[in-house]
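Have a look at the structure below, then the notes.
The values are calculated or read from the model by the stated rules, or taken from the named source; none is laboratory data. Note that the coordinates shown come from a computational prediction; the quantities given were computed from them, not determined experimentally.
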Amino acid sequence: MDGDCIIVQRRVLSRHEKEMAIQISEMEKYKYICSEQVGSDVGKQAYFEWAQKYGYKVRNWLESLNDDEINVIFDTVSDYIKQSVTTKIR
């Protein structure tokens, strides 16, 4: 197997799946920061806000990267999110 493949649960993730995982990770970070600022869990509203403020820009940025750059960023995504993407996309 070449170094460009990422396997989660014995399945190679597509570039699209990796990009989705990266976006989910960024949304979770945004939710955490917003919750910390207000002192309580802000809930799903943070996801909608992130999508409106940053979704388009992040998608364009991810699309501009080559596969090696996507893999480097994907490697920083939590195992929980990787597992979630693998489980939800079948």
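A few remarks follow.
- Any hit, the range 69-82, residues being aromatic (Phe, Trp, Tyr), closer than 18 Å to Glu17 by Cα and at pLDDT below 95: yes
- Selection within the range 1-54 - closer than 22 Å to Leu65 by Cα, among the β-branched types (Val, Ile, Thr) and at pLDDT 95 or above: Ile22, Ile24
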